[in-house]
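The values are calculated or read from the model by the stated rules, or taken from the named source; none is laboratory data. None of the values given here were measured: they were computed from a predicted structure. Glycine also receives a Cβ, built like all others from the backbone with ideal geometry; neighbour counts cover every protein chain displayed. Accessible surface areas use protein heavy atoms only, side chains included; no ligands, DNA or RNA. Shrake-Rupley method; radii C 1.70, N 1.55, O 1.52, S 1.80 Å.
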Amino acid sequence: MAVLKDDVLAALGKVLGPDGKPLPGTGTLSDIVATDGKVFFSITVDAAAVKQWEPVRERAEAAVRAVPGVASALVALTGERAPAAGGGAPPRPQMQPGAARPQPGAGHAPRSPAGIPGVEAIIAVASGKGGVGKSTTAVNLALGLRDLGLKVGILDADIYGPSMPKLLAIRERPQTIGGTRLKPISRHGMVVMSIGFLIEEETPMIWRGPMVMSALTQMLREVEWGALDIMVVDMPPGTGDAQLTMAQQVPLKGAVIVSTPQDLALIDARRGIAMFRRVNVPVLGIVENMSYFVCPHCGERSDIFGHGGARHEAERLGVPFLGEVPLDMEIREKSDAGLPVVATVPDGAHAKIYRDIAARVHDGLAGASRPAPMIVIEA
C-alpha cells in the first residue's frame, strides 16, 4: 500500500505543537519524503524551545508510524540559534534529543563513541572531492577484505549521492524487523545498507545537516548488521557533517583516502587527511585511482592525469601508500553493470590490485591504536 504525503500530513494535523496549533500549520516541517513505506522529515524550531518540542517530535513519529502502509519513520528535531544582535555568527543547526547528538563542546571531556553491536571494526573510505572513484574503490576494497576470509558489511553514507544501488545492482527494498529495525541486503557475501534503497533513484535528498546526521545514525544503529569483522563506510566527498558525525558517533578504526594523481585532486585529499587527523582517526593510507591508462589496442601507456602524485603525497605526509588503480574500461563497465571486478573477474589483474590494497589496509588495521574500528573510504 503506497503512502502519500497527504496521508502523512493528515496524521500530523492531529499532533499539536506547544502553542496548540496543528503541526503542519506551525511552519516547522521540512519537505516530507515518503517512499516504499519509509517516511522521513524534520522539525526545525528555535534552539531555546527544543525541550518543549521533543514530546511533539515523539508524538509526530508515533502518529506517522500509525498511518496504514508506513513501515518505519524517521523524524529529526533540529534547533537553530538566532544570530546575535548587530550581526554575528549565522545560525548553526544542532541535533537535539531523539536524534543523533553532537559531542559536548569545549570545556567538557570528550566522550568515547559507542561501537556498533557485533561490528569489530569500522573503516571509512573517503575523498576530498567527488569524481575520483571513491565508491568503486570502496566496493572492491570491501570485496578484497571479504576474500581475506573476513565478514564484511558496507554502509553507503553518501546521503546526497548514494552509489551502492548502482554498483551492486540492488533494486529491492530492505525488510523491516519488528517495525523498528531494518535488515540489510546481502550481495556477493556481504551485507549492504544505503539510503538509496529507501528512495527512488531520481529523488533529490534536499536535507539539512541535522537531518543527514540523523539518517546516518539510524542506518548505523537501527540496522541488524549481525556479526561483522569489518564495516566499510563509503563516505560522501568532502569534510562536512557526515564525516564529523561518523567520527563523533562511532569509533572509526581508520580512514582510506582515494585521490587521482593530479594536483587539483591532491589539494582536496590533503584536506581530508587533515580532517581525520584532527578528530584522531588514523589514516590507513592513500589509493591513487585512475593512475594510468593502457591502450587496449596498441598497449601504449598514457598518464592522463599525471602519475605518482598520490604516492609522493603519502611520503610527504607520512602515511602509507596503498596502491595504484588504472583507468580501465573493464572497471568502468563492470561498475556500471553492478558487477564489481573483484566479485565477477576474480582472477583478473584488476581484482589482484584491489586485493593487494585490501591486504595492506588489513595490515594497517592491526597497527591502528583506536578501539572498535570503522573504515571510511572517500570518493
Filtering the stretch 55-88 down to residues that are more than 28 Å from the chain's Cα centre (by Cα) and modelled with pLDDT under 70, which residue is surrounded by the most Cβ atoms within 10 Å (Cβ to Cβ)?
P83
For the stretch 191-237, name all the residues that are part of a strand (DSSP E or B), surrounded by fewer than 24 Cβ atoms within 10 Å (Cβ to Cβ) and modelled with pLDDT of 95 or more.
V191, L228
Checking R146, R173, R181 in turn, the sole residue that is open to solvent by 50 Å² or more (accessible area, probe 1.4 Å) and modelled with pLDDT of 95 or more turns out to be R146
So which residues in the stretch 285-315 are modelled with pLDDT under 85, open to solvent by 60 Å² or more (accessible area, probe 1.4 Å) and assigned to a loop (DSSP other than H, G, I, E, B)?
D303, F305, H307
Residue list for the stretch 260-276, filter: open to solvent by less than 10 Å² (accessible area, probe 1.4 Å), in contact with a Gly (Cβ under 7 Å, 6 or more places away or on another chain) and polar (S, T, N, Q)
none
Just a yes or no: is a residue in the stretch 277-284 out of contact with any Cys (no Cβ under 7 Å at 6 or more places or on another chain), open to solvent by less than 10 Å² (accessible area, probe 1.4 Å), assigned to a helix (DSSP H, G or I) and more than 30 Å from G189 (Cβ to Cβ)?
no
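Have a look at V325, V345, V361, V341 and point out the one that is touching a helix residue (DSSP H, G or I) at 6+ places or on another chain (Cβ under 7 Å) and surrounded by fewer than 17 Cβ atoms within 10 Å (Cβ to Cβ). Write out each step before concluding.
On the way: V325 fails: surrounded by fewer than 17 Cβ atoms within 10 Å (Cβ to Cβ); V361 fails: surrounded by fewer than 17 Cβ atoms within 10 Å (Cβ to Cβ); V341 fails: surrounded by fewer than 17 Cβ atoms within 10 Å (Cβ to Cβ).
Among V325, V345, V361, V341, only V345 is touching a helix residue (DSSP H, G or I) at 6+ places or on another chain (Cβ under 7 Å) and surrounded by fewer than 17 Cβ atoms within 10 Å (Cβ to Cβ).
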Out of all the residues in the stretch 10-46, which are outside any strand (DSSP E or B), of a type in the set (A, V, I, L, M) and crowded, with 16+ Cβ neighbours inside 10 Å?
A11, L12, V15, L23, I32
